[in-house]
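Beneath this line is the structure, given in structure tokens, with notes to follow.
The values are calculated or read from the model by the stated rules, or taken from the named source; none is laboratory data. Please read these numbers as outputs of a predicted model, since none were measured by experiment. As a convention, Cβ positions derive from the backbone with ideal geometry for all residues, glycine included, and neighbour counts pool all protein chains shown. Please note that ligands, DNA and RNA were not included when accessible areas were found on the heavy atoms of the full protein model with its side chains. Shrake-Rupley method; radii C 1.70, N 1.55, O 1.52, S 1.80 Å.
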Amino acid sequence: MIFILIFFGILIGLNLIPELIKKEYPKTEKIIARIVLYTTLIFLILILLSLVGITFKGQYTNTIIGLTFLISSLIYFATNKNTRNKIISIVILFPLILVGFYFQFFNQNLGTYKVNDELNIKISQEGFLACGEIIRLTKSKLLIFEKELIYDSNQCLRGIDRIETIEFNDKRAEFLIYHNGEMDSENPYHYEIENKNVW
């Protein structure tokens, strides 16, 4: 709650900057408003896809999209004059900016490990209260997307730095997960997944 109040105060401060600067730059304001519109649409697509377990490929793609949205929004607040349209956009953008900060700090992709030509294991960190790192089995879709097949947050493993595939067939998958040993003394950790019409 304190973070939200501090952030809200920062937004108010950024919105006061155009009132202190007496010069107007209408062309620049239009360009920045368009950039914010496009980055907001792309970020909304990212959020909607993540709700159904689809993400863009690449370790830093989602981070770059989120950062572009956040930076362009903050520049928009600091440069455009306060009008009715800007106040409406602040109301719309404020919750999206909070989601953007959540994605930047609590939904980080820590590594991707190849299982075969179509499947990967992605490791991510999500939130303060997570026991360990999140393990996802993902499948490549339409060249630029990955579909989440399995989401596992129950293993309590931290510091995962390597995953070896021992066995992978139509019935099951078996892996060795190397980690820092902080939460679980078994290192490498023997991890099995049964195929229940998943892949």
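Test Thr68 against the criterion of being hydroxyl-bearing (Ser, Thr, Tyr), open to solvent by less than 60 Å² (accessible area, probe 1.4 Å) and either at pLDDT 80 or above or part of a helix (DSSP H, G or I) (or both), and give yes or no.
no
Table: residues versus (1) closer than 21 Å to Gly53 by Cβ; (2) open to solvent by less than 90 Å² (accessible area, probe 1.4 Å); (3) at pLDDT below 85.
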site: Ile135; (1), (2), (3): yes, yes, no
site: Asp152; (1), (2), (3): yes, yes, no
site: Ile160; (1), (2), (3): yes, yes, no
site: Lys171; (1), (2), (3): no, no, no
site: Phe175; (1), (2), (3): yes, yes, no
site: Val198; (1), (2), (3): yes, yes, yes
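Looking only at segment 154-199, which residues are assigned to a loop (DSSP other than H, G, I, E, B) and closer than 19 Å to Leu119 by Cβ?
Gln155, Ile160, Asn169, Asp170, Lys171, Asn195, Lys196, Asn197, Val198, Trp199, listed by residue number.
In this structure, is Gly181 surrounded by 15 or more Cβ atoms within 10 Å (Cβ to Cβ) and not hydrophobic (A, V, I, L, M, F, W, C)?
Criteria not met by Gly181.
Just a yes or no: is a residue in segment 115-125 closer than 23 Å to Glu174 by Cβ, in contact with a His (Cβ under 6 Å, 6 or more places away or on another chain) and without any contact (Cβ under 8 Å) to a residue 40 or more places away in the chain?
Scanning segment 115-125 turns up no residue that is closer than 23 Å to Glu174 by Cβ, in contact with a His (Cβ under 6 Å, 6 or more places away or on another chain) and without any contact (Cβ under 8 Å) to a residue 40 or more places away in the chain.
List the residue pairs whose Cβ atoms are under 8 Å apart, where the first residue sits in segment 28-43 and is open to solvent by less than 100 Å² (accessible area, probe 1.4 Å), the second is not in a helix (DSSP H, G or I), and the two are 6 or more positions apart or on different chains.
Taking only residues 6 or more apart or on different chains, the pairs are Glu29/Asn80; Glu29/Lys81; Ile32/Asn80; Ala33/Asn80.
Which one is surrounded by the fewest Cβ atoms within 10 Å (Cβ to Cβ) among residues in segment 101-123 that are under 12 Å from Ile160 (Cα atoms) and among the hydrophobic types (A, V, I, L, M, F, W, C)?
Leu110
Return the pair list, or none, for Cβ contacts closer than 6 Å from residues in segment 75-100 that are in contact (Cβ under 8 Å) with a residue 60 or more places away in the chain to residues that are β-branched (Val, Ile, Thr) and part of a helix (DSSP H, G or I), at least 6 apart or on different chains.
If the second residue must be β-branched (Val, Ile, Thr) and part of a helix (DSSP H, G or I), the pairs left are Ala78/Ile17; Thr79/Ile32.
Out of all the residues in segment 17-26, is one or more at pLDDT below 80 and β-branched (Val, Ile, Thr)?
Within segment 17-26, one or more residues are at pLDDT below 80 and β-branched (Val, Ile, Thr).
Looking for whichever is under 25 Å from Gly66 (Cα atoms) and in contact with a Phe, Trp or Tyr (Cβ under 7 Å, 6 or more places away or on another chain) here; the options are Ile163, Ile123, Ile144. Which one fits?
Selected residue: Ile144, the only one of Ile163, Ile123, Ile144 that is under 25 Å from Gly66 (Cα atoms) and in contact with a Phe, Trp or Tyr (Cβ under 7 Å, 6 or more places away or on another chain).
Can you name every residue in segment 133-148 that is hydrophobic (A, V, I, L, M, F, W, C), over 15 Å from Asp117 (Cβ atoms), in contact (Cβ under 8 Å) with a residue 40 or more places away in the chain and part of a strand (DSSP E or B)?
Ile135, Phe145 - these are the residues of segment 133-148 that are hydrophobic (A, V, I, L, M, F, W, C), over 15 Å from Asp117 (Cβ atoms), in contact (Cβ under 8 Å) with a residue 40 or more places away in the chain and part of a strand (DSSP E or B).
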